[in-house]
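Read-outs throughout are calculated quantities, based only on the coordinates presented, and are distinct from any laboratory measurement. Bear in mind that the values here come from a model prediction, so they are computed numbers and not experimental data. Cβ placement follows ideal geometry from the backbone for every residue including glycine, while neighbour counts extend to all protein chains displayed.
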Amino acid sequence: MYKQILKISAIAGSLDITAACIQAYLSGNVAPAMVLKYIASGIYGAKAFSGGFEFILLGLLVHFLIAFSCTVVFFLFYPKFKLLHKNIFLNSFIIAVVAWTVTTQIIIPFSRIHKGPFHLSKVVVAIAILYCCIGLPIAYFTERYYRKG
């Protein structure tokens, strides 16, 4: 079970950070290193942006820790709630909305990240990325694991 959770976390985390970097570059010419430093700034604040490779690695580690947390929670809830056995696409949406909500309403307010103004278009893009890159892999591979087992 633990190998499966790590595998799902690696897939979902890789897809999500790739999509986040592409989206940041296309929307504001932001380099991937700055995306990862932004994540690290949740712990170190503005110091992360002037730091080096260690802050990039820290951002990557924190990102994968969040993907791992999403995977563990869904993986453990899946066998307990029969509603989750009905539809992978609905599960993906639930995972995306929960991940976005926890990140923006709990993690960011308790971090050192500067929270910008609310923009509905940014929310839609963020949830779409989370749906495709976090929700779908977690829901699909979790369902497959439990169906085989």
Next on the checklist: Less than 13 Å Cβ to Cβ from Arg112, Lys/Arg counted +1 and Asp/Glu -1: what total charge do the surrounding residues give?
Outcome noted: +3
Checklist entry - What does the helix-only formula give at 222 nm for the chain: each DSSP H stretch with n ≥ 4 adding -39500 (n - 2.57), the total divided by the residues, and the result rounded to the nearest 500 deg cm²/dmol? => result -24000 deg cm²/dmol
Checklist entry - If you keep only loop residues by DSSP, which trypsin sites (Lys or Arg not before Pro) in region 18-98 have at most 15 other Cβ atoms within 10 Å of their Cβ? => result Lys80, Lys86
Item to check | Residue among Gly28, Gly51, Gly42 with the largest mean-square fluctuation in a Gaussian network model of the chain, springs linking Cα atoms under 10 Å | outcome: Gly28
Next on the checklist: Is there a quick way to get the dipole size of the chain? I mean about its Cα centre, with the Cβ of Lys and Arg at +1 and of Asp and Glu at -1; what is the value in debye to the nearest 20?
Outcome noted: 400
Item to check | Residue pairs, from the table Lys47/Lys122; Lys37/Lys115; Lys80/Lys148; Lys86/Lys148; Lys47/Lys115; Lys3/Lys86, whose Cα atoms sit over 20 Å apart | outcome: Lys47/Lys122; Lys3/Lys86
Item to check | Extreme residue, positive dipole direction of the chain, given options Trp100, Leu83, Ser111 (C-beta unit charges) | outcome: Leu83
Checklist entry - How large is ³J(HN,Hα) for each residue in region 106-114, as worked out from phi by the Karplus curve 6.51 cos²θ - 1.76 cosθ + 1.60 (θ = phi - 60°), to whole Hz, x for Gly and Pro? => result 10, 5, 4, x, 8, 9, 9, 6, 6
Item to check | Extended-chain gain in nm, criterion 0.36 nm per residue less alpha-carbon gap, Arg112 and Tyr146 | outcome: 8.4 nm
Item to check | Cut-off 13 Å between beta-carbons: net charge of the residues surrounding Phe75, Lys and Arg +1, Asp and Glu -1 | outcome: +3
Next on the checklist: Over the Cα atoms of the chain, what radius of gyration and what Dmax do you get, in Å?
Outcome noted: 15.7, 48
Checklist outcome for this item: Hydrophobic long helices for the chain, i.e. whole DSSP H runs reaching 20 angstrom or more by Cα along the axis with Kyte-Doolittle mean at least 0.0, come out as 2-28, 53-77, 88-102
Checklist outcome for this item: Candidate cut points under trypsin sites (Lys or Arg not before Pro) in region 99-149, DSSP loop plus at most 11 other Cβ atoms within 10 Å of their own Cβ, are Lys115
Checklist outcome for this item: Taking Lys and Arg as +1 and Asp and Glu as -1, residues besides Ala128 with C-beta under 15 Å from its C-beta add up to 0
